[in-house]
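Colleague: Below is the structure I would like to discuss, written out as structure tokens.
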Amino acid sequence: MNKPNPILAPTSHTRATLLPLLFAATLAGCVGAASPAPTPPTLAPQEAFFEALASHCGKAYEGAMVSDQAADADMRGRPMVMHVRECSDTRIAVPFHVGNADGSWDRSRTWLVTRTDTGLRLKHDHRHEDGTADAVTFYGGDTAAPGTAQAQEFPVDGESIAMFRANDLTASVTNVWRVEVDPAGTADGRYAYQLQREGRLFRVEFDLTRPVPAPPAPWGHE
């Protein structure tokens, strides 16, 4: 009859040592098998875009026109400032200030980005220096596609088309506006506003990495 190998056969001392180790290994395995923490849901592109714009609330940035069409020659080289001035859960107001050759400023324009039931809306609030509304104001459009977290496009809406036609601005009835924005803190962050239609391109860009002092209120919003 074979005798147990004294090297392989567990002794009472060995069993006493192994049991706590086996328990610890089993416990570690249970802990390692635990379900990972749930991943936060990813925002829809339009929601992420709205939050990216809102992350700049209260800040102003310098920019410049980067398109080069002859129709905008009078704006070439002029100083420009955009200011994310008003923010709520449903609307963000962004005044667009353009410097004049005499050192004064044109503060007539404000971009309005609003949440709707189906997406986002861009409107242009145009005022005269006395605060009264321009004859052509609150034109724009709604998003027709999800876009991305950094860029949204706004094809002209029916209300705006009617306004353009009533004011002999028929070239504008195919306008598509585009707004691009990076969240605050993005390296090389940029904000861009663009108007495009066949044969027409206007685009301005702003450096989001270097805030500047906030400008005065736009006309009509003092």
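Colleague: DSSP loop trypsin sites (Lys or Arg not before Pro) in segment 62-152 with at most 16 other Cβ atoms within 10 Å of their Cβ, which ones?
Modeller: Of the trypsin sites (Lys or Arg not before Pro), the ones in loops of segment 62-152 whose Cβ has at most 16 other Cβ atoms within 10 Å are 76.
Colleague: Now, a different point. Rg (Å, one decimal) plus Dmax (Å, integer) for the alpha carbons of segment 68-202?
Modeller: Every Cα atom of segment 68-202 included, Rg and Dmax give 15.3, 44 Å.
Colleague: Same structure, new question: Within segment 177-204, which residues have the backbone N less than 19 Å from the label spot 7 Å out from residue 142 along Cα→beta-carbon, could you tell me?
Modeller: Once the point is set 7 Å along Cα→Cβ of residue 142, 177-179 turn out to lie under 19 Å by backbone N, inside segment 177-204.
Colleague: Restricting attention to segment 49-146, which GluC sites (Glu not before Pro) occupy a DSSP loop and are surrounded by at most 16 other Cβ atoms within 10 Å?
Modeller: Here the GluC sites (Glu not before Pro) that fit, given the DSSP loop and packing criteria, are 129.
Colleague: Express in nm, to one decimal, how much length is gained between residue 188 and residue 68 on full extension, taking 0.36 nm for each residue of separation and deducting their alpha carbon distance.
Modeller: On the way: separation 120, 0.36 × 120 = 43.20 nm, distance 2.26 nm.
Extending this stretch completely gives an extra 40.9 nm.
Colleague: Next question. For the pair residue 129 and residue 48, what calculated FRET efficiency results from E = 1/(1 + (r/R0)^6), where r is the Cβ-Cβ distance and R0 = 41 Å, to the nearest 0.05?
Modeller: The calculated FRET efficiency here is 0.65.
Colleague: Run the simple label-point estimate for residue 174 and residue 91 please: 7 Å along Cα→C-beta, distance reported in nm.
Modeller: 3.2 nm
Colleague: Can you pull the one-decimal nm distance between simple spin-label points at residue 196 and residue 212, each 7 Å off the Cα toward Cβ?
Modeller: Computed distance between label sites residue 196 and residue 212 equals 2.6 nm.
Colleague: Relative to the present Cα-Cα distance, how much length would full extension add between residue 59 and residue 78 at 0.36 nm per residue of separation? Display every interim value, and only then the final one.
Modeller: On the way: separation 19, 0.36 × 19 = 6.84 nm, distance 2.03 nm.
Gain on extension, residue 59 to residue 78, equals 4.8 nm.
Bear in mind these aren't lab numbers, they're just calculated from the coordinates by the rules spelled out. All figures in this text were calculated on a predicted structure; none of them were measured in a lab. Glycine also receives a Cβ, built like all others from the backbone with ideal geometry; neighbour counts cover every protein chain displayed.
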